[in-house]
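See structure below.
The values are calculated or read from the model by the stated rules, or taken from the named source; none is laboratory data. Remember, it's a predicted structure, so these values are computed and weren't measured experimentally. Reconstructed Cβ throughout: ideal geometry from the backbone, glycine too, with neighbour counts over all protein chains shown.
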Amino acid sequence: MTQPVIVGTDGSRAAAAAVEWAAGDAARKGLPLRIVHAVDRLPYEIARYPVPIEDQLDRAGRRILEEAEQAVRENHPAVRVTTTMIEGDPSRVLRQSAGNAAEIVIGSRGHGGFAGMLLGSVGMHVAGQVDVPVVVVRAGVSALHGLVVVGIDGSDEAGAALTYAFEEARLRDCRLLAVYAWQLPVHPFAPEISYDLDEVRKAQEDYVAGALRTHRDRYPDVTAEMQAVCTHPVAALVEAGEKADLLVVGSRGRGAVGAAVLGSVSRGVLHHAHCPVAVVRPPRG
């Protein structure tokens, strides 16, 4: 059975943007789309409320799904779309749905998010705990630049991210920019140590070129460029993502702690990038 693109919605602006992004990606990949709304029941009863709160939640959930489905059918009539309302915590519902998904798409933050935060708790929990690619979409992002940006660092996660990014660039018929951000090691007890920056820079550029070579052979129609910069990875990726349709990162890089579900770079990018961000894990085994 063909695995669908699954998108979560709570009716927020970010969720509406996620539904639109997911429908477009499903259309490009020839996959069905499943729209999921999680109904998180209240842990207590509200006294003297005129209508049972569960009934209101159910009606609101059905309305949210109907509006999302209608938008997909109007904008992407060729996409096969279904809707599902599931009782439970949104993070848990989406994590459990991931086993039957090609990818998960969610809004950056829903109705429950704090106004100053770019990423809500659902996005963070889902992106860090499922094996399929997770795409986090922000509200109000509509301009297309014809560019997919991917961060690489030599880890297995970054290799999987590079493959995902090349495939997205192929499907979108757009350019790809691979960004490798490097920093000189700090030696607090040996300040006299110096580096030949030209040699270091050339070594980093050679690494990026080697990482791209195999993928360029597999995706000859994708114009791939590289960028090796001496700066913090989050800063480099967020800046490159300002003119990107999609920013792709691995879930954890070379410096991440083994037990961490998200590395510091992927976490930082999710918090600060304004374009859609895909978090990709390597296949198990």
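Values for this structure:
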{"quantity": "Candidate set from the stretch 43-85 (those that are modelled with pLDDT under 95, aliphatic (A, V, I, L, M) and surrounded by fewer than 16 Cβ atoms within 10 Å (Cβ to Cβ)); member that is nearest to Val7 (Cα to Cα)", "calculated": "Ala60"}
{"quantity": "Residue match in the stretch 134-142 (condition: without any contact (Cβ under 8 Å) to a residue 12 or more places away in the chain and either among the hydrophobic types (A, V, I, L, M, F, W, C) or farther than 23 Å from Ala27 by Cα (or both))", "calculated": "no"}
{"quantity": "Complete set of residues in the stretch 144-165 that are under 14 Å from the mean Cα position of the chain (by Cα) and assigned to a loop (DSSP other than H, G, I, E, B)", "calculated": "none"}
{"quantity": "Flag if Val126 is among the β-branched types (Val, Ile, Thr), under 16 Å from Ser251 (Cα atoms), part of a helix (DSSP H, G or I) and modelled with pLDDT of 80 or more", "calculated": "yes"}
{"quantity": "Of all residues in the stretch 167-177 being surrounded by fewer than 23 Cβ atoms within 10 Å (Cβ to Cβ) and of a type outside the set (A, V, I, L, M), the one that is farthest from Ala27 (Cα to Cα)", "calculated": "Arg175"}
{"quantity": "Pairs with Cβ under 6 Å, 6+ apart, first in the stretch 150-162 and among the hydroxyl-bearing types (Ser, Thr, Tyr), second surrounded by fewer than 24 Cβ atoms within 10 Å (Cβ to Cβ)", "calculated": "Ser155/Gly253; Ser155/Arg254"}
{"quantity": "Subset of the stretch 91-123 that is outside any helix (DSSP H, G or I), small (Gly, Ala, Ser) and within 16 Å of the chain's Cα centre (by Cα) - its residue that is modelled with the lowest pLDDT", "calculated": "Gly110"}
